[in-house]
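The values are calculated or read from the model by the stated rules, or taken from the named source; none is laboratory data. All values derive from a computational prediction rather than experimental measurement. Here the Cβ positions follow ideal geometry from the backbone for every residue, glycine too, while neighbour counts run over all protein chains shown. Just the protein is used for accessible areas: all its heavy atoms, side chains included, with ligands, DNA and RNA removed. Shrake-Rupley method; radii C 1.70, N 1.55, O 1.52, S 1.80 Å.
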Amino acid sequence: QFSTRVVSCRAAELRPEGGGEPVRGFQVVLEDTILFPEGGGQPDDRGLIGDVPVLRVTRRGPEALHFVQEALEPGAEVLLSLDWERRFDHMQQHSGQHLITAIAEQMFGFKTTSWELGRQRSVIELDTPSMTAEQIEALERSVNEKIRERVPVMVRELAADDPEVETVRSRGLPDDHAGPVRVVDIEGIDSNMCCGTHVSNLSDLQVIKLLGTEKGKKNKTNLVFLAGNRVLKSIEQSHSTEKALTSLLKNGPGEHVEAVKRLQSSVKLLQKNNLNLLRDIAVLIARDFKSKPVQSQLFVLHRKEGDSEFMNIIANEIGTEETLLFLTVGDEKEAGLFLLAGPVEAVENLGPRVAELLGGKGAGKRGRFQGKATQMSRRGEVQALLQEFFSRQSPEA
């Protein structure tokens, strides 16, 4: 916590990180702050001004802008409270990035070109086309050795024109930078120009886990990592998943992969058998219709299990030169598929109306109109529409 005064408060809008309508509120400037504004690859802090939540902290030159939804009186003394859990997590990830970056360059000559502290995991972009599994393993082993050695992490400030600034690793200063240059030192390992928040000793990182690499931008590699409490949370999540799988698969964790492979093979076989049975059923349905002495002009069928191929087989077997077919598959209360097949003119006339009634979309050509439906329960209305169409075509009937 930190006591300070409100310098200014002006109306502003905040665009939510996930998108959506802007949130109305106020940008507050304080005499000083303990909330970090986003920058340098690190997200901003959260906290409270009094009992008013701070939803975002950004930087404008040397000032930190605190976005809140209640107006605060300029000149008022306020108590600023920091969300320590979020801050410490960011400290662990950011110091972890500095350590990984420094050791990756020392061991392999891989320079860091950018990094991102994500909500679930963090990513370091390395200036190399690839990393081998052996390199990743060696890097992980080395950074964790440094953590166990309890190496101090220190912060110092240099004048912008100090010659030592040139010896510090840096991606350059922001255009609007003013005042001294802040340097974060990992004793004997790294010296880096940085505005972010860090632990005071590598032992505070607890552990670093490298999750592997992903293909980055041209000739770059993204190295994914977790540090500190995120590793513990990941292990807890994995353990919970493992326990659930053990219960479902009725075997130990070491046998899970083979058990899932067997299940996949069984599912594929069942799907193949199910598809063959559906095809046979479609042919039998069509033959049963054609065997009747008097065939109706309209054929309507709904089946919960089925797909587009099932409906098209029926249409092919019956033939659609004289008969109009309205076929649907899917759950009565949910979405499904439909097919209207028959004389070209009738289908072109009725297809869009059928789709509209079923709350769906479709398209077609040469006497077939098919698509998805969101209101399968309205099939009865479609059938009534089709019967009315034939009534108009044949008044004497």
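Details
- Condition check for Val7 on (1) closer than 30 Å to Asn192 by Cα; (2) touching a residue at least 60 places away in the same chain (Cβ under 8 Å): one failure, at (1).
- All of (1) at pLDDT 95 or above; (2) of a type outside the set (Val, Ile, Thr); (3) in contact with a strand residue (DSSP E or B) (Cβ under 8 Å, 6 or more places away or on another chain) hold for Ala159 with one exception: (1).
- All of Gly188, Gly196 fail the test of being small (Gly, Ala, Ser), in a loop (DSSP other than H, G, I, E, B) and open to solvent by less than 30 Å² (accessible area, probe 1.4 Å), apart from Gly196.
- Residue check, Leu232 under 30 Å from Glu116 (Cα atoms), open to solvent by 70 Å² or more (accessible area, probe 1.4 Å) and not polar (S, T, N, Q): yes
- Of the residues making up the stretch 357-387, those that are part of a helix (DSSP H, G or I) and more than 33 Å from the chain's Cα centre (by Cα) are Leu357, Ser377, Arg378, Arg379, Gly380, Glu381, Val382, Gln383, Ala384, Leu385, Leu386, Gln387.
- Subset of the stretch 341-352 [more than 15 Å from Leu327 (Cβ to Cβ), open to solvent by less than 80 Å² (accessible area, probe 1.4 Å), in a helix (DSSP H, G or I) and not hydrophobic (A, V, I, L, M, F, W, C)]: Asn349, Pro352
- From the options Ser247, Ser203, residue that is within 31 Å of the chain's Cα centre (by Cα) and part of a helix (DSSP H, G or I): Ser247
- The requirement of being surrounded by 12 or more Cβ atoms within 10 Å (Cβ to Cβ) and touching a helix residue (DSSP H, G or I) at 6+ places or on another chain (Cβ under 6 Å) is not satisfied by Val329.
- Residues (in contact (Cβ under 8 Å) with a residue 12 or more places away in the chain and either basic (Lys, Arg) or open to solvent by 70 Å² or more (accessible area, probe 1.4 Å) (or both)) located in the stretch 353-382: Arg353, Arg366, Arg368, Lys372, Thr374, Gln375, Ser377, Arg378, Arg379, Glu381
- Taking the criterion of being of a type outside the set (Val, Ile, Thr) and either open to solvent by 60 Å² or more (accessible area, probe 1.4 Å) or in the same structural domain as Met311 (by the TED database) (or both), the residues of the stretch 246-265 that qualify are Ser247, Leu248, Lys250, Pro253, Gly254, Glu255, Glu258, Lys261, Arg262, Leu263, Gln264, Ser265.
- Scope the stretch 267-304; condition among the hydroxyl-bearing types (Ser, Thr, Tyr) and exposed (fewer than 10 other Cβ atoms within 10 Å of the Cβ); matching residues: Ser291
- Exclusive hit being open to solvent by 40 Å² or more (accessible area, probe 1.4 Å) and either under 13 Å from Leu202 (Cα atoms) or of a type in the set (S, T, N, Q) (or both), set Thr101, Thr113: Thr113
- Contacts under 7 angstrom Cβ, first residue in the stretch 212-236 being in a helix (DSSP H, G or I), partner among the basic types (Lys, Arg), 6 or more apart: Val231/Lys209
- Residue match in the stretch 5-24 (condition: in contact with a helix residue (DSSP H, G or I) (Cβ under 8 Å, 6 or more places away or on another chain), outside any loop (DSSP other than H, G, I, E, B) and either of a type in the set (Asp, Glu) or under 24 Å from Leu117 (Cβ atoms) (or both)): no
- When Pro152, Pro129 are screened for being in the same structural domain as Cys195 (by the TED database), over 31 Å from the mean Cα position of the chain (by Cα) and in contact (Cβ under 8 Å) with a residue 24 or more places away in the chain, only Pro152 passes.
- If only residues of the stretch 163-185 that are of a type in the set (D, E, K, R) and open to solvent by 70 Å² or more (accessible area, probe 1.4 Å) are counted, the one that is farthest from Ile103 (Cα to Cα) is Asp176.
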